[in-house]
Amino acid sequence: MASPSERTAKTVTIRDVAAAAQVSIGTASKALNGRGRMRAETRDRVLTAARRLSFRPNPLAQGLLAGRTYTVGLVTGDSFGRFSIPVMLGAEDALDAGQISVFMCDTRDDPIRERHYVERLLARRVEAIIVTGRRTEPRPGIGRLPVPVVYAMTQSTDEGDVSLVPDDEGGAALAARHLLATGRTH
């Protein structure tokens, strides 16, 4: 049976790749990112070492360099997912699927829990926050934050907030007009 240290694989760093390829960390970085000028054999040596070591870039380090985290927070009181799951899926699709991650936090309609989650999301440096709930009725806003906030399938009582809510009455009228326009009478 494997010992605990054997079961936990060491994370391969760019430093390990540089050492295996016998280059500086800066050269390894340039080779892995396809930037900078270097001899083809040096670039190949770095790429071969990275493959051999199963190197995977660290998204946190890349985010720090790019000044982005590629994350969005979704704060919801919708434990059942009736509104929050479709909003989350739509956000992932609209925000370049696979590039932006959505962290979903269920507040269970508890204002203290909601505040805690908002603080944790901000500490993780999310780039925006989406607020949704299990009802479309107005709710108190989560306050002024250093990132964009949008309310989806719910609305903030703060008129300065951006809220996207369904228009059931308008949708029903549009459907009825369409049916009448196509000759339907029943």
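Evaluate the charge dipole of segment 27-186 about its Cα centre and quote only its size in Debye, nearest 20, assuming +1 on the Cβ of each Lys and Arg and -1 on the Cβ of each Asp and Glu.
My answer is approximately 1300 debye.
Once you've got the GNM for the chain with C-alpha springs shorter than 10 Å, pick whichever of Leu74, Leu47, Leu145 has the biggest mean-square fluctuation.
The residue with the greatest mean-square fluctuation here is Leu47.
Using label points projected 7 Å from each Cα along Cα→Cβ, tell me how many nm separate Ala181 and Leu53, to one decimal.
Result: 6.3 nm between the two label points.
Would you list Tyr151, Tyr117 from the most to the least accessible area, probe 1.4 Å?
Sorted descending by solvent-accessible area, the residues read Tyr117, Tyr151.
Out of residues 5 or more away from Ser163 or on other chains, whose amide H comes under 5 Å of its own, with H placed 1.01 Å from N in the peptide plane?
Residues meeting the amide H criterion: Tyr151.
Taking the Cβ of Pro138 as the centre, find all other residues whose Cβ is under 11 Å away and add up their charges (Lys, Arg: +1; Asp, Glu: -1).
So the surrounding residues net to -2.
What percentage of all Cα-Cα pairs in the chain are separated by more than 29 Å?
50 percent
With a point put 7 Å past each Cα toward its Cβ, work out how far Glu41 is from Leu65 in nm, to one decimal.
Result for the modelled spin labels: 2.6 nm.
Tell me the net charge near Tyr117. Cut-off is 10 Å between Cβ atoms, Tyr117 excluded, with +1 for each Lys or Arg and -1 for each Asp or Glu.
Once all neighbours under 10 Å are counted, the net charge is -1.
Between Asp93 and Asp161, what is the label-point separation in nm under the 7 Å Cα-to-beta-carbon projection?
Each label point is offset 7 Å from its Cα along the Cβ direction, giving 2.5 nm.
Using a 1.4 Å probe on the protein heavy atoms, what percent of the accessible area of the chain belongs to carbon and sulfur?
Exposed carbon and sulfur together represent 55 percent of the surface.
What is the extension gain from Leu122 to Asp109, computed as 0.36 nm multiplied by their sequence separation minus the C-alpha to C-alpha distance, in nm to one decimal?
2.7 nm
The values are calculated or read from the model by the stated rules, or taken from the named source; none is laboratory data. These numbers were taken from a predicted model, which means no experiment stands behind them. Cβ coordinates were reconstructed from backbone atoms using ideal geometry, including for glycine residues, and neighbour counts include every protein chain displayed. Surface accessibility is based on the protein's heavy atoms, side chains included, excluding ligands, DNA and RNA. Shrake-Rupley method; radii C 1.70, N 1.55, O 1.52, S 1.80 Å.
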